[in-house]
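Novice: One structure coming up, written as structure tokens, with questions to follow.
Just so it is clear, none of the values below were taken in a lab; they were calculated from the coordinates. Predicted model, so just to flag it, every value in this text is computed and none were measured. Don't worry about glycine lacking a Cβ; one is built from the backbone with ideal geometry, like all the others, and counts go over all protein chains shown.
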Amino acid sequence: MRKSIYLFIVTFFCSLVATSQAAFSVNSFCIAAPSQDRVDDFVHFITSELAPNGVNTLILRVDFNYAYESRKELRDDNPLSRESVKKIVSACQKNNIEVIPQVNLLGHQSWAEKLNKLLEVYPEFDETPHVKIPEKYEWPNKDGLYCKSYCPLHPQVHEVVFDLIDEIMEVFEAKAFHAGLDEVFYIADPLCPRCKGKDPAQLFAGEVTLLSQHIDKKGGRLWIWGDRLIDGATTGIGMWEGSTNHTEKAVDMIPKSVVICDWHYEKAIPTPAYFALKGFDVVACSWRKPEVAVQQVKMMQGFKQNSTPEMQDHFLGVMHTVWSPAGNFLDKYDDPKQEDGEKGSDLQCFKAMVSAVQKIETDQ
């Protein structure tokens, strides 16, 4: 008798879950890949926090934190092993979470006083070799250095880049790949022998298209950040969340299959509608302001509700982004008091986003 009652309850609960309608097709979380010693903690976080909170997509910023076999020279110190990656993949698969690995391409090839592995190992790929990494980094600076870029027209760069993409998609069993491509300030440099005098928008679009075509051949899909495709001057958004170095026209030159991650952290700026009108699938991304995350959830719901059937599916959903190391975020999740004194709260922002999504689903 007890067994019959138990089976009835389980069946009834499962039927409720099955018939409930998700607010968005993408409810995502973006964070750096954990260090090797925090993999088990991260797997626990996936199982105990991401899955119960309805997250169905994990963007994992791997970059060079993996023990590449195809390009061993590009491994960071103490990188994730294949076995560790498989632990993460298994946890995601068991909880119906799609994992999308990211390697920053084109831009973000340095940070502060440090070159990232690609330009450290292959300095010939540097778009601006005349700009030297300072001993003490400051912004602004006379060189306009935020992060280095690789030259998209260097004849050998994509041989290396494609090896990274192929291996990271294989080990993560991924159907999509995130290439970053945000905050590219060095492009079409006048001193670059290959890029000087060329249209920055065409160069940017060419890189996006090349990456997209390569990933398409693998049966995958390219995701990128959207800031370089927005006119930062006309919109008043500025040089960070939009482009002021003339890459914005690339929005009309790249494949419509590319998924745009449209990040705005201070306000819920309605640019997802712009990307959707251009024919792209788009995700609205928040960071450390809970009120912005809630506004973005409501905004994306409003876009879906007030769009034609042809437009509705372009508004994929929302994403919370974490820009501190994964271990730091996990520690804060276990002990929120660690956030005391910080400007903004990525932890509270994440909780606000998932609560807002859950409220929509409850009210439907």
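Novice: What does DSSP give for region 213-364 in terms of the percent of beta bridges that are antiparallel, rounded to the nearest 5?
Specialist: 0
Novice: So, one more: Positive end of the charge dipole of the chain (Lys, Arg +1 and Asp, Glu -1 on Cβ, about the Cα centre): tell me which of 315, 168, 326 has its Cα farthest that way.
Specialist: It is 315, whose Cα lies furthest towards the positive end.
Novice: Step through the table entries 196/278; 117/175; 278/298; 142/337, compare each Cα-Cα distance with 32 Å, and write down the pairs that go over it.
Specialist: In this structure, 142/337 exceed 32 Å between Cα atoms.
Novice: Each label point is 7 Å from the Cα along the Cα-to-Cβ direction; what then is the distance between the points at residue 114 and residue 133, in nm?
Specialist: According to this spin-label approximation, the distance is 0.9 nm.
Novice: What 222 nm value per residue comes from the helices of the chain, counting each DSSP H run with n ≥ 4 as -39,500 (n - 2.57) and dividing by all residues, nearest 500 deg cm²/dmol?
Specialist: The helix contribution divided over the chain gives -11000 deg cm²/dmol.
Novice: Here's something else I'd like to know. Say the dipole of region 25-107 comes from +1 at the beta carbon of Lys and Arg and -1 at that of Asp and Glu; which of 101, 64, 44 then lies farthest toward its positive end?
Specialist: Of the listed residues, the answer is 101.
Novice: Under 19 Å between alpha carbons, and skipping anything fewer than 8 positions from residue 198 in its own chain: which lysines qualify?
Specialist: Result set, ordered by chain and number: 148, 249.
Novice: Pop the C-beta distance of residue 69 and residue 41 into the FRET formula with R0 = 30 Å and round what comes out to the nearest 0.05.
Specialist: For residue 69 and residue 41, the calculated efficiency is 0.70.
Novice: Taking a label point 7 Å from the Cα of residue 76 along the Cα→Cβ vector, which residues of region 160-190 have an amide N closer than 20 Å to it?
Specialist: 161-174, 177-184
Novice: Something else now. Using alpha carbons only, what's the Rg to Rh ratio of region 28-177 with Rh from Kirkwood?
Specialist: 1.02
Novice: Relative contact order of the chain, please, whole-number percent, based on alpha carbon pairs below 8 angstrom and at least 6 residues apart.
Specialist: RCO, the chain: 17 percent.
Novice: Under 26 Å between alpha carbons, and skipping anything fewer than 8 positions from residue 332 in its own chain: which lysines qualify?
Specialist: The reachable lysines, counting only those whose Cα sits under 26 Å from residue 332, are 86, 87, 94, 267, 289, 343, 351, 359.
Novice: Grab the Cα-Cα distance for residue 143 and residue 334, subtract it from 0.36 nm times how many residues apart they are, and report the gain in nm with one decimal.
Specialist: That pair, residue 143 and residue 334, stretches by 64.6 nm at full extension.
Novice: Taking only Cα atoms, what is the 0 to 90° angle, nearest 10, from helix 200-217's long axis to the longest principal axis of the chain?
Specialist: With both axes taken from Cα atoms, the answer is about 50 degrees.
Novice: By how many degrees, 0 to 90 and rounded to 10, does the Cα axis of helix 290-305 deviate from the longest principal axis of the chain?
Specialist: Between helix and principal axis, roughly 80 degrees.
Novice: Let me know the shape class of region 95-172, please: from the alpha-carbon gyration tensor, a ≥ b ≥ c as square roots of the eigenvalues, rounded when a/c is under 1.5, otherwise prolate if a/b is greater than b/c, or oblate.
Specialist: oblate
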